[in-house]
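Working notes, beginning with the structure itself.
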Amino acid sequence: MLATVDLTGRRVLEVVARGKHLLTRFEGGLTLHTHFRMEGSFRIFRTGERWRGGPSYEIRIVLANAEWTVVGYRIPVIDLIPTARENEFVGHLGPDVLSPTWSVDQAVERIAREPDVEAGVALLDQRNLAGLGNLYRTEVLFLRGISPWTRIGDVPDVPALVDLAARLVQANRRHAAQTTTGDTARGRQHYVFERQGLPCRRCGTTIRTARQGTRPQDRITYWCPTCQPGPAPAGTADRRRPVNRERSNWYGQ
């Protein structure tokens, strides 16, 4: 239990993201390891400012100095560990798409180890590449014209797929609005993600959804059956509708 841990007087040396894990390193060889999962968040306030992020019983972490206060709400995973042991908690992760040492080749090498795995599953496996969530894996598969259920061994250019996925994340790293179309207007940020039942922006076919993966790691997958031909769950084909075609290369595709 960490409820009574007091880090008063320890200086924060750095904060490092490893995929969806956050490592806050303190002087004295200690690291606060956190993972938000789907519900946690850190809120930053001026010291003395009223905290706004949820009821007080949801607060799990408070870090503060004379100027700033960081409050962690609903954070389900919290470990205080020796910095030297960080690898025990994040060592299984693949190369991080936002790391200065990001390597497409390393990620491709890991993905290629299991050629029979579906592309949509392989991209979400944090052991292959860390930091790619459901939004980006869904959108990059659309942009590359690949069915999420295609075997990785059948994907014609895995390095191009991985490289584009990383560039999508990197293009969004400095702003909260996550867009893959280059348009930040509400309802126009994405091609297929959370657009189920709507016409594809390119061809007009109805965007479909299905669960993919093995529980509890399965996720909702969004795709266009026409723009992403290939394997798919039964009953997902649909007719095209007239639509204005949209293509964007703002991320350098």
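The values are calculated or read from the model by the stated rules, or taken from the named source; none is laboratory data. Everything quoted here is computed from the prediction, not taken from an experiment. Methodologically, a virtual Cβ is constructed for each residue, glycine included, from the backbone with ideal geometry; neighbour enumeration extends over all protein chains shown.
Of note:
- Of all residues in the range 76-99, those that are part of a loop (DSSP other than H, G, I, E, B) and under 17 Å from the mean Cα position of the chain (by Cα) total 7.
- Verdict on Tyr251 being touching a helix residue (DSSP H, G or I) at 6+ places or on another chain (Cβ under 7 Å), in a loop (DSSP other than H, G, I, E, B) and at pLDDT below 95: yes
- Hits in the range 202-225 - residues which are out of contact with any Pro (no Cβ under 7 Å at 6 or more places or on another chain) and either aliphatic (A, V, I, L, M) or not in a loop (DSSP other than H, G, I, E, B) (or both): Ile207, Thr209, Arg211, Arg219, Ile220, Tyr222
- Test: residue in the range 186-201 that is in a helix (DSSP H, G or I) and touching a residue at least 40 places away in the same chain (Cβ under 8 Å): no
- Residue in the range 58-65 that is of a type in the set (Asp, Glu) and over 25 Å from the mean Cα position of the chain (by Cα) present: no
- Cross-chain or 6+ apart pairs with Cβ under 7 Å, the range 84-104 first and under 28 Å from Ala171 (Cβ atoms), then assigned to a loop (DSSP other than H, G, I, E, B) and among the small types (Gly, Ala, Ser): Leu93/Gly19; Pro95/Ser103; Asp96/Gly19; Asp96/Gly131; Val97/Gly131; Leu98/Gly131
- Candidates Thr138, Thr179 - the one that is assigned by TED's automatic domain parsing to the domain that holds Val108, in contact with a strand residue (DSSP E or B) (Cβ under 8 Å, 6 or more places away or on another chain) and under 26 Å from His35 (Cα atoms): Thr138
- Where helices (runs of 4 or more DSSP H) fall entirely within the range 100-153, those with at least 1 residues that are at pLDDT 95 or above and over 17 Å from Arg167 (Cα atoms) are at 104-111, 119-124.
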